[in-house]
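Worksheet: the structure to be examined is printed underneath.
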Ligand SMILES: CC(C)(COP(=O)(O)OP(=O)(O)OC[C@H]1O[C@@H](n2cnc3c(N)ncnc32)[C@H](O)[C@@H]1OP(=O)(O)O)[C@@H](O)C(=O)NCCC(=O)NCCS
């Protein structure tokens, strides 16, 4: 379907069971996991989780990507599209992590790739996602795109982001895609 998609300096490729150790190390990295749910189990249970995920991928229920550098092909992070709400044509994205080997604009490029894929190839009309209330930098990242805070609970803010807003905002960001 889409083995990989690329922006200017990074690309996304579908996660494989052999990525288990890389992902496990990202998730237990204390510099990166402050605002993420914690993983239980070790590399082997991560591998099993990926095997189960691959079934959902086959049914197009979920897509889990490794973010890699185009210059070295090195894996530098993850991002995941899941919780597809058919009635609302909305998808959730998360598990968004980049390690210290990221390129300067990896975050921006990977977010653009998520939206390009979801809005233009998968034909979603809206995105929904949650961000920990104290993850100030990431909240700012989404607000700059024009995402709307629609709800909150004790821990998280809940956002939506509409395709029409993406199409307008991304006009100024084409240079990050190619
Ligand atoms: C979330 C995460 C992937 C974001 O990556 P990041 O590199 O911190 O992202 P940044 O906001 O610094 O953006 C990278 C660059 O793109 C720029 N940028 C971001 N949005 C932009 C926009 N809309 N337009 C122009 N430039 C933009 C930033 O200014 C920054 O450049 P700078 O270093 O020159 O300032 C990373 O911080 C991470 O792994 N965090 C830990 C896990 C986590 O919290 N995940 C999110 C859970 S909701």
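Coordinate-derived values only; no laboratory data. The structure presented is a predicted model; accordingly, all values stated were derived computationally and were not measured. With ideal geometry, Cβ positions are generated from the backbone for all residues, glycine too; neighbour counts draw on all protein chains shown.
From helices alone, the chain scores -8500 deg cm²/dmol at 222 nm; the rule is -39500 (n - 2.57) for each run of n ≥ 4 DSSP H residues, then divide by the residue total.
Taking the average, over residues, of other Cβ atoms within 10 Å as the packing measure, peptides 130-139, 60-69, 35-44 rank 60-69, 130-139, 35-44 from highest down.
Panel values: the range 1-89, Kirkwood radius from alpha carbon pairs, Stokes-Einstein at 4 °C and 1.567 mPa s, translational diffusion coefficient 92 µm²/s. Restricting attention to the range 1-159, close to 90% of DSSP beta bridges with both partner residues there are antiparallel.
With a ≥ b ≥ c the root eigenvalues of the C-alpha gyration tensor of the range 75-164, is it rounded (a/c under 1.5), prolate (a/b larger than b/c) or oblate?
Numbers: a/c = 1.74, a/b = 1.13, b/c = 1.54.
It comes out oblate by the Cα gyration axes.
Debye-formula intensities of the chain, expressed as log10 I(q)/I(0) at q = 0.09, 0.10, 0.14, 0.19 Å⁻¹, are -0.30, -0.37, -0.77, -1.52 (one equal scatterer per alpha-carbon, no solvent).
In whole Å, what is the distance between the alpha-carbon centres of the range 125-171 and the range 91-107? The range 125-171 and the range 91-107 have Cα centres separated by 15 Å.
Answer rounded, prolate or oblate for the range 41-111, using the Cα gyration tensor with square roots of eigenvalues a ≥ b ≥ c: rounded when a/c is under 1.5, else prolate when a/b is larger than b/c, else oblate.
Oblate shape, in that a/c is at least 1.5 and b/c is the bigger or equal ratio.
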